[in-house]
Amino acid sequence: MFAENFDKAKKFIPLNIAILAVSDTRSIEDDSSGALLKSMLEADGHKCAARSIVKDNIAAIRAVVQNWVADENIDVIITTGGTGFSGFDVTPEAIEPLFDKKMDGFSTLFHQYSSAKIGTSTLLSRACAGLAATTFIFCLPGSKGACRDAWEGILHQQLNIQHRPCNFVELMPRLGEHLDAGRTKKS
């Protein structure tokens, strides 16, 4: 999709991406959404730097994400699950307070792609994204379809420096400009 928007003359830069599944019922062995994300990002040339699963608990989710944000070897974090409206769905509540900058356009674009497949049911997702320190974080619903939509429709392009006219990768060297010098983890 949008092949004309790729500049193959630019050298691809693989990113280190961590995947966190949020679920009270899944284990790492049967986490099909996390496995799908891992296979798609690796097929695109990126590295799965870490993969974990935690229960729907604000403190547990936040602890894993904070540790990954502090890890200078992780460029991007993708969570899957916990973005709905049930009492147990707390991923946005856990992650959004960590954002230094919220990415409102991600949710809008995600819902556009999703609505083409599931119609108004896309309203049941609170998918969100933002920047914490110098790490991009994307919070996706727990379904394989939602993960595929987000990767193929948005992240595949934006996590590739070859994407034109602009992308997240080319911004990475400047992400720490908004932080105090003591808080910056990457140069």
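Some notes on this structure:
- The chain: most fluctuating residue of Thr108, Thr122, Thr91 per GNM, C-alpha cutoff 10 Å: Thr108
- Amide H within-cut-off set for Cys128, under 5 Å, with H built and near neighbours excluded: Cys139
- The range 44-118, relative contact order [Cα under 8 Å, separation at least 6], %: 28 percent
- Take every Cα pair under 8 Å whose residues are at least 6 apart in sequence, average their separation, divide by the length of the range 14-175, and the relative contact order is 24 percent.
- Residues with amide H under 5 Å from that of Ile77, placed H, sequence gap 5 or more: Ala18, Phe136, Ile137, Phe138
- Backbone N atoms of the range 136-176 closer than 15 Å to the 7 Å Cα→Cβ label point of Ala116 belong to residues 146-158.
- Cα coordinate range in the range 55-176, projected on the principal axes (Å, largest first): 37, 35, 20
- Dividing the helix sum by the residues of the chain, where each DSSP H run of 4 or more adds -39500 (n - 2.57), gives a mean residue ellipticity at 222 nm of -8500 deg cm²/dmol.
- Within straight-line reach of Lys117, meaning a Cα separation under 18 Å, sit the following aspartates and glutamates at least 8 residues removed in sequence or on another chain: Asp149, Glu152.
- Chymotrypsin sites (Phe, Trp or Tyr not before Pro), loop per DSSP, at most 10 other Cβ atoms within 10 Å - longest free stretch of the chain: 86-187
Read the figures in this text as sums done on the coordinates, not as results from a lab. Just so we're clear, the structure is a prediction, and the values are computed from it rather than from any experiment. Cβ coordinates were reconstructed from backbone atoms using ideal geometry, including for glycine residues, and neighbour counts include every protein chain displayed.
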